[in-house]
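Here is the structure we will look at.
The values are calculated or read from the model by the stated rules, or taken from the named source; none is laboratory data. Note that the structure is predicted; figures quoted are calculated from it, not measured. Using ideal geometry, Cβ is built from the backbone for each residue, glycine included, and neighbour counts are taken over all protein chains shown. Each accessible area value is taken on the protein alone, full model and side chains, heavy atoms only, with ligands, DNA and RNA left out. Shrake-Rupley method; radii C 1.70, N 1.55, O 1.52, S 1.80 Å.
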2 protein chains.
Amino acid sequence: MAKRTSLKDNACPIARSMESIGDCWSMLIIRDAMMGLRRFSEFQKHLGLAKNILTTRLRALVADGILTTEPASDGSAYQDYVLTPKGRAVFPIMVALRQWGEDFAFAPGEATNIMVDRKAGKRVRPLELHAADGRLLGVGDTAIKPVASAG
Amino acid sequence: MAKRTSLKDNACPIARSMESIGDCWSMLIIRDAMMGLRRFSEFQKHLGLAKNILTTRLRALVADGILTTEPASDGSAYQDYVLTPKGRAVFPIMVALRQWGEDFAFAPGEATNIMVDRKAGKRVRPLELHAADGRLLGVGDTAIKPVASAG
DNA sequence: CGGACCGGTTTTATATTGCAACCAGATATT
DNA sequence: AATATCTGGTTGCAATATAAAACCGGTCCG
């Protein structure tokens, strides 16, 4: 294609987020990293994607500060890909995507999986957005406020 | 490229969500629709993307049940693209992406915009995930539970 | 020390993207 | 009423991204 248009310099945080993690494979790599996968071959087997694609995605995630490489935990000469704090902070996005998918992307009775509270084993509540004073907020209760550049 | 691998039949809700809305333009179209944009030309001007790309994205979002077309609200012969309930349910995903972007994707002092509570004008709280019994849950407090196909 | 495994890189074919030009019908202007 | 302009696209084209497959040097395993 023509070069994909970059949103790196867009002023909207949503656009910037999508630029970093708005790719199927990147998101699924982060998902798998949250489940404990660390090695190149683990990601490749579990996701079933081509190795060259995995390579480009891992490099991009490392460049973005979402993953870091560190010496393999099994003592071998290889390396692990592990989440940084920025990477772990993707958790709410993952939960939101998951809940929307659970609710709308499956026919009744279709095989799938759901997120549960580890202790009780019960399904978690829908994500909630609250105001600073604690009020529960819906779609119409929010606004976007510009923040000018300092300088 | 070779045909992008489809995740439509993947059992993971995250993968299915990404298949529907894991595209920059699709997500930004939904964002703009939430801000009240409705017409083809409004999306095109505001997003600055090519018309053929906008066409394919709008068609896909309609096919996915995220947008619907309806007669233009201004009485003209044209049509509006409006969010369905499924489309409005993308809101938490949008908020999650936005909060992560606000937190990690901008240098200090860079121009941007933030989400505030419409009434108080104050920044909203981070999204929260709670267990059925109300406990606040973090990354390690959740688990994924398979749901076999019925039949 | 020989074979398998690991983490890639290099082709190659085919899709997708984006730009620009074009177009028919609806709307606005004179 | 005739013409110009806007709307919502479609059609070509060039550049780039994706995926499958083959290949490859360093590790590890017995």
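Could you please report the charge total around B:Thr112, scoring K, R as +1 and D, E as -1 over all other residues with beta-carbon less than 12 angstrom from its beta-carbon? Present the calculation step by step, with values, prior to reporting the outcome.
Values: positive: A:Arg16, A:Lys145, B:Arg98; negative: A:Asp9, B:Glu102, B:Asp103, B:Glu110.
Once all neighbours under 12 Å are counted, the net charge is -1.
Taking amide hydrogens as placed 1.01 Å from N in the peptide plane, the amide H of A:Glu110 sits under 5 Å from those of B:Ala150, each at least 5 positions away in sequence or on another chain. A simple charge model with +1 on the Cβ of Lys and Arg, -1 on the Cβ of Asp and Glu and nothing else charged puts the dipole of the range A:13-88 at about 100 debye relative to its Cα centre. Taking B:Ile114, B:Ile93, B:Ile53 as the candidate residues, the one with maximal mean-square fluctuation in a Gaussian network model of chain B, Cα springs under 10 Å, is B:Ile114. Between B:Asp9 and A:Asp141, the FRET efficiency estimated from the beta carbon spacing at R0 = 30 angstrom works out to 0.25. Specify whether the C-alpha gyration tensor of the range A:90-132 places it in the rounded, prolate or oblate class, a ≥ b ≥ c being the square roots of the eigenvalues: rounded for a/c under 1.5, otherwise prolate if a/b is larger than b/c and oblate if not. It is oblate, given that a/c is not under 1.5 and a/b is not larger than b/c.
Dipole size of the protein assembly as shown about its Cα centre, with +1 on Lys/Arg Cβ and -1 on Asp/Glu Cβ: approximately 200 debye, rounded to the nearest 20. When the other protein chains are added to the chain by itself, burial of at least 30 square angstrom of heavy-atom accessible area (probe 1.4 Å, ligands and nucleic acids ignored) affects these residues of the range B:120-138: B:Val124, B:Arg125, B:Leu127, B:Glu128, B:Leu129, B:His130, B:Ala132, B:Arg135. Over chain B, Cα pairs under 8 Å with separation of 6+ residues give a relative contact order of 12 percent.
Dipole size of chain A about its Cα centre, with +1 on Lys/Arg Cβ and -1 on Asp/Glu Cβ: approximately 140 debye, rounded to the nearest 20. Gaussian network model of chain B, Cα springs within a sub-10 Å range: biggest mean-square fluctuation belongs to which of B:Ala50, B:Ala11, B:Ala132? In this elastic network of chain B, the residue with the biggest mean-square fluctuation among B:Ala50, B:Ala11, B:Ala132 is B:Ala132. An oblate overall shape is assigned to chain A, the ratio a/c of its alpha-carbon gyration tensor axes (a ≥ b ≥ c) being 1.5 or greater and a/b not exceeding b/c.
Mean residue ellipticity, 222 nm, helices only, chain A: the sum of -39500 (n - 2.57) across DSSP H runs of n ≥ 4, divided by residue count and rounded to 500, is -11500 deg cm²/dmol. Among A:Arg98, A:Arg125, A:Arg88, the largest mean-square fluctuation in a Gaussian network model of chain A (Cα springs under 10 Å) belongs to A:Arg125. Per residue, the protein assembly as shown exposes 52 Å² of solvent-accessible protein surface, assessed with a 1.4 angstrom probe and all protein chains in place. Shape analysis of the range A:13-88 yields a ratio of the Cα radius of gyration to the Kirkwood radius, Rg/Rh, of 0.96.
Inter-part distance, the range A:93-133 to the range B:1-30, computed on C-alpha centroids, equals 18 Å.
For the protein assembly as shown, a/c is less than 1.5, where a ≥ b ≥ c are the root eigenvalues of the C-alpha gyration tensor. That puts it in the rounded class.
Quick one: of A:Lys51/B:Lys8; B:Lys3/B:Lys86; A:Lys122/B:Lys3; A:Lys51/B:Lys45; A:Lys122/B:Lys119, which pairs are farther than 29 Å apart, Cα to Cα? Don't skip to the answer; put the middle values down first.
On the way: A:Lys51/B:Lys8 22 Å; B:Lys3/B:Lys86 27 Å; A:Lys122/B:Lys3 39 Å; A:Lys51/B:Lys45 38 Å; A:Lys122/B:Lys119 35 Å.
Flagged as over cut-off: A:Lys122/B:Lys3; A:Lys51/B:Lys45; A:Lys122/B:Lys119.
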